[in-house]
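Note sheet for the following structure.
The values are calculated or read from the model by the stated rules, or taken from the named source; none is laboratory data. If you're wondering where the values come from, they're calculated on a predicted model, not measured in any experiment. Positions of Cβ are backbone-derived with ideal geometry, glycine not excepted, and every protein chain shown enters the neighbour counts. Surface areas here come from the heavy atoms of the whole protein model, side chains and all, with no ligands, DNA or RNA. Shrake-Rupley method; radii C 1.70, N 1.55, O 1.52, S 1.80 Å.
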Amino acid sequence: MQSGPLSLENRAGELQDNGQPLLQIRDLKVGFAKSHGILPVINTANLTLGRREAIGVVGESGSGKTMLCRSVLGTLDRHGARVLGGQIMFEAHDLANAPESVWSKVRGKQIGYVPQSSLAGLNPVINVKTQMVEAITAARPMSVQDAEKEAVELLEVVRIPRAKDVLREYSYQLSGGMRQRVMIAAALAQKPKLLVADEPTTALDVTVQKEILTLISRLRRELGMALILVSHDLAVIEEVCDSLMVMYAGASFEAGSVSVTVHAPRHPYTKALHDSRVDTAERGKPLEAIAGEPPTIGSWPSGCRFWPRCPLGDDKCRAGDQPTLRHVAQQLTACIYAERMGDGHD
Amino acid sequence: MPNEWVTGMTEPLLEARAATVTYGYGGAAFNAVNDANVYVQPGEAVGVVGESGSGKTTLARVLVGLQPPTKGNVLLEGKPIFGATAQRKFPRSERWKVQMVFQDPYSSLNPRQRAWEAVAEAVSAWQGLRGNQAKTEALRLLRSMGISPEQAEQFPHRLSGGQRQRVSVARALAPKPKILIADEPTSSIDQSAQAQLLNLLSQLQRESGLAILFISHDLGLVRYLTSRVYVMKRGDVVEQGDTVRVFNKPENPYTRLLINSIPGHSSLAETTLPYES
Ligand SMILES: Nc1ncnc2c1ncn2[C@@H]1O[C@H](COP(=O)(O)OP(=O)(O)OP(=O)(O)O)[C@@H](O)[C@H]1O
Ligand SMILES: Nc1ncnc2c1ncn2[C@@H]1O[C@H](COP(=O)(O)OP(=O)(O)O)[C@@H](O)[C@H]1O
Ligand code: SF4
Ligand SMILES: [Mg+2]
Ligand SMILES: [Mg+2]
């Protein structure tokens with residue numbers, strides 16, 4: 001696998017570390033443009049990602065994880081949303097309000113994407129070959145024969161057996177795991193510096209999930225790629241990622257290394273997510289589910305958005321605005337009472 | 001094994017006896033479920049695990065009476081549910097005892113029905129209540145599933161995935177069943193919504209004596225909720241037994257694979273991909 005289109009030699013020079021983070025999202029605000037005005041969906045998100053680093057993004061359904069991915073892909077406008085403030089620094093360029101002419105040089109080329117619903121990502125009426133050739137020639141014009149050869153190599157990179165046969169198949173003929181491999185292969189076609197994978201295994205069996213996660217982590221190491229992995233499963237993120245950003249109601253709540261964030265969090269929401277896990281729960285003991293539901297967009301509570309569900313919340317939390325991120329111990333946290341949280345819960 | 005209950009145990013509430021479901025014809029025929037012996041005792045929480053395509057949903061459909069097995073029998077409280085072969089239909093007078101919650105809460109709820117209406121419809125059908133009485137009972141069931149009266153007024157698309165799944169459970173509880181078959185009920189919802197649902201299911205089982213057949217591809221979930229488990233692979237039950245035993249001392253290599261696949265149970269670095277030479 002070290003020869004093919006993705007060989008490390010091909011990328012020499014591209015991966016030089018200039019000490020700058022690859023991606024830095026600062027105080028990002030995103031909103032939907034509705035007839036009655038702007039509906040904020042992200043306010044505010046922060047994320048720093050080094051070269052070759054893997055960061056996990058967790059949060060309950062509706063917290064804005066997919067919209068964050070779309071911000072990094074420059075596809076917000078396709079979903080009726082736009083950046084309202086903040087920066088998306090990628091390779092030291094601010095893409096926050098970049099025009100499509102700039103995004104089209106970045107999207108699918110320097111940043112690859114595996115979308116949340118991969119069934120939707122693959123077009124059912126054209127075969128795998130057409131789709132792979134499109135992904136490959138998007139940035140590098142070449143003959144169809146060459147592109148086909150590269151498509152086979154890419155499918156082999158993602159460990160698809162009988163790659164030549166699979167090229168002739170349609171997505172509905174593929175199993176969930178195979179479909180996901182094809183999506184990853186297409187995302188790798190331009191040797192991206194960053195892969196954004198939005199819940200790449202949520203719809204898959206545990207056994208297939210294990211294969212896809214193994215594949216993603218290996219490719220990342222072999223290709224020197226950075227990774228944003230969205231998941232609602234902390235166990236998945238612990239397996240794959242170096243760092244973690246926790247999102248709730250459109251805001252970054254906590255960030256830090258995976259191990260500290262999971263085992264010694266400085267935000268009650270992170271702790272609550274961890275406590276609700278079933279994989280580490282004792283049989284027969286009730287799970288410590290988080291009471292209630294996360295707020296829907298347009299009805300975020302004032303003050304800290306988590307206070308209606310927070311065991312530590314008090315009047316001070318209800319007043320004012322959503323607390324901003326600050327450093328406490330090794331963590332970035334948006335809780336005003338972070339200091340009260342001990343040095344780990346297990 | 002299938003008859004071990006005869007010698008001492010109480011009669012199973014629901015049982016598939018040597019059940020086979022064959023799909024396709026001629027050379028293409030295959031058994032989606034192959035000679036399965038599966039039973040659930042009254043009040044018991046039993047798991048079925050296996051990968052996609054292993055036959056879990058087909059087995060569930062047979063047990064809930066949605067389709068007859070090609071061969072074998074399904075017994076509810078000792079009586080075959082499909083009657084004489086000519087009239088292979090689960091009689092309505094018995095059907096209320098076995099209820100099912102489906103994998104996908106989007107497609108199982110009518111998008112044009114408010115949450116309480118979906119439940120009230122089942123309440124009318126099974127408890128014969130009408131109008132306000134049906135609504136009151138629907139709201140009570142919904143509240144027991146953590147759905148407030150305000151949320152009960154919503155249409156499904158306005159509810160979260162976890163809420164929709166809890167509405168489905170409330171509706172399944174309308175006939176006051178003896179057993180609930182839950183087919184991957186948490187696979188489309190996030191971890192904290194999953195915790196809420198699992199708590200409610202285990203509470204129903206412990207406090208109301210409802211038997212539960214919990215189907216999942218995730219042995220981690222089954223471990224938490226059930227006391228006995230069947231492992232299915234390509235239509236066959238390849239292992240069964242006490243959940244803790246199966247989890248700690250799996251006998252079948254396939255069970256071991258399922259356990260090692262649970263995130264955190266074996267390192268990715270040591271995982272070999274199936275197609276690697
Ligand atoms: N076009 C739209 N108009 C209004 N609200 C929208 C629109 N698209 C998405 N939303 C809302 O924006 C919020 C964030 O959505 P997003 O898809 O980013 O969540 P998520 O964290 O990815 O959730 P999940 O875990 O379910 O994938 C949700 O409340 C969603 O309902
Ligand atoms: N109505 C049907 N006709 C033909 N094949 C079917 C039908 N329903 C299911 N199957 C096949 O039977 C096998 C078992 O399916 P299923 O019971 O849905 O498995 P699981 O729920 O474990 O994923 C699969 O190979 C599936 O494609
Ligand atoms: S600021 Fe207050 S309500 Fe918010 S997480 Fe911290 S303690 Fe809880
Ligand atoms: Mg999403
Ligand atoms: Mg199924």
Q: Find which of A:Pro40, B:Leu139, A:Gln331 sits farthest along the positive direction of the dipole of the protein assembly as shown, computed with +1 on the beta-carbon of Lys and Arg, -1 on that of Asp and Glu, about the Cα centre.
A: B:Leu139
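Before anything else, pin down the relative contact order of chain A: Cα pairs under 8 Å, at least 6 apart, normalised by residue count, whole percent. Can you show the working numbers first?
Working: 632 pairs, mean separation 67.5, N = 346.
It rounds to 20 percent for chain A.
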Q | Sites B:Arg234 and A:Thr137, calculated FRET efficiency, Cβ-Cβ separation with R0 45 Å, nearest 0.05 | A | 0.65
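Quick check for you: with a 1.4 Å probe and neighbouring chains kept, what is the accessible area per residue of region A:194-319, in Å²?
Values: 3920 Å² over 126 residues.
Accessible area per residue: 31 Å².
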Q: Evaluate peptide A:231-237: per residue, the Cβ atoms of other protein chains within 10 Å of its Cβ; return the mean as an integer.
A: 4
**Q.** Shielding by partners - mean other protein chain Cβ count within 10 Å, residues of A:288-300
**A.** 3
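With +1 on each Lys and Arg Cβ and -1 on each Asp and Glu Cβ, how big is the dipole of region A:20-241 about its Cα centre, in debye rounded to the nearest 20? Can you show the working numbers first?
On the way: 27 positive and 23 negative charges, 73 e Å.
So the magnitude is around 360 debye.
Where both partners of a DSSP beta bridge lie in the protein assembly as shown, what percent of those bridges are antiparallel, to the nearest 5?
Restricted to the protein assembly as shown, the bridges split so that about 60 percent are antiparallel.
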Q: Quantify, in whole percent, the carbon and sulfur part of the accessible surface of region A:247-341 (1.4 Å probe; protein heavy atoms only).
A: 54
Q) When the Kirkwood radius is taken over all Cα pairs of chain B, what Stokes-Einstein diffusion coefficient follows at 20 °C and 1.002 mPa s, in µm²/s? A) 109
Q: In debye, nearest 20, what is the charge dipole magnitude of region B:38-177 about its Cα centre with +1 on Lys and Arg Cβ and -1 on Asp and Glu Cβ, if you could check?
A: 300
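So what is the 222 nm mean residue ellipticity for the protein assembly as shown from helices alone, if each DSSP H run of at least 4 adds -39500 (n - 2.57) and you divide by all residues, rounding to the nearest 500 deg cm²/dmol? Before the final figure, lay out the partial values.
Values: 23 runs with 205 residues, N = 623.
Computed ellipticity for the protein assembly as shown at 222 nm equals -9000 deg cm²/dmol.
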Q: Within region A:281-346, list the trypsin sites (Lys or Arg not before Pro) lying in a DSSP loop whose Cβ has at most 16 other Cβ atoms in a 10 Å radius.
A: A:Arg283
Q: Would you mind checking the pairs A:Lys29/A:Lys316; B:Lys135/B:Lys176; B:Lys89/B:Lys178; A:Lys210/B:Lys56; A:Lys210/B:Lys233 and listing those with alpha carbons more than 22 angstrom apart?
A: A:Lys29/A:Lys316
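With r as the distance between the Cβ atoms of A:Ser257 and A:Ala319 and R0 = 35 Å, compute the FRET efficiency 1/(1 + (r/R0)^6) and round to 0.05. Before the final figure, lay out the partial values.
Working: r = 32 Å, r/R0 = 0.91.
The calculated FRET efficiency here is 0.65.
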(Q) Along the charge dipole of region A:20-241, pointing to its positive end and built from +1/-1 on Cβ of Lys, Arg, Asp and Glu, which listed residue (A:Ala81, A:Gly62, A:Gly177) has its Cα farthest out? (A) A:Ala81
**Q.** Accessible carbon and sulfur surface of region A:154-195 relative to its total accessible area, %, 1.4 Å
**A.** 46
Q) What range in chain A is the longest one free of GluC sites (Glu not before Pro) that are in a loop by DSSP and have at most 13 other Cβ atoms within 10 angstrom? A) A:15-281
Q) Once phi is turned into ³J(HN,Hα) by the Karplus curve 6.51 cos²θ - 1.76 cosθ + 1.60 with θ = phi - 60°, what whole-Hz value does each residue of region A:241-252 show in order, with x for glycine and proline? A) 9, 8, 10, 8, 10, 9, 10, 8, 6, x, 10, 6
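What is the dipole size for region B:97-195, taken about its Cα centre, with +1 at each Lys and Arg Cβ and -1 at each Asp and Glu Cβ, in debye to the nearest 20? Before the final figure, lay out each step's value.
Numbers: 13 positive and 9 negative charges, 78 e Å.
Rounded to the nearest 20 debye, it is 380 debye.
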Q) region B:243-266: which residues show an accessible-area loss of 40 Å² or more, assembly versus chain alone, 1.4 Å probe? A) B:Ser261, B:Pro263
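Between B:Glu207 and B:Ser148, what FRET efficiency comes out of the Förster formula 1/(1 + (r/R0)^6) with R0 = 30 Å and r the beta carbon distance, rounded to 0.05? Provide the component values of the computation, followed by the final result.
Values: r = 21 Å, r/R0 = 0.70.
Plugging the Cβ-Cβ distance into 1/(1 + (r/R0)^6) gives 0.90.
Kindly compute the accessible surface that chains B and A hide from a 1.4 Å probe when together, both sides summed, and give it to the nearest 100 Å².
Working: alone 14030 and 15960 Å², together 26470 Å².
Adding both sides of the contact gives about 3500 Å².
State the antiparallel share, in %, of DSSP beta bridges confined to chain A, rounding to the nearest 5. Intermediate values should be presented prior to the final figure.
Numbers: 32 of 50 bridges.
Restricted to chain A, the bridges split so that about 65 percent are antiparallel.
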Q.
Please list, in order along region B:62-74, the HN-Hα scalar couplings obtained from phi with the Karplus expression 6.51 cos²θ - 1.76 cosθ + 1.60 (θ = phi - 60°), rounded to whole Hz, x for Gly and Pro.
A. 5, 5, 8, x, 6, 8, x, x, 5, 9, x, 9, 10
Q. Of B:Ser202, A:Leu215, A:Ser143, which is farthest on the positive side of the dipole of the protein assembly as shown, counting Cα position, with +1 on Lys and Arg Cβ, -1 on Asp and Glu Cβ, and the Cα centre as origin?
A. B:Ser202
Q.
Give the residue list of trypsin sites (Lys or Arg not before Pro) in region A:151-202 that are DSSP loop and have at most 12 other beta-carbon atoms within 10 angstrom.
A. A:Arg162, A:Arg168
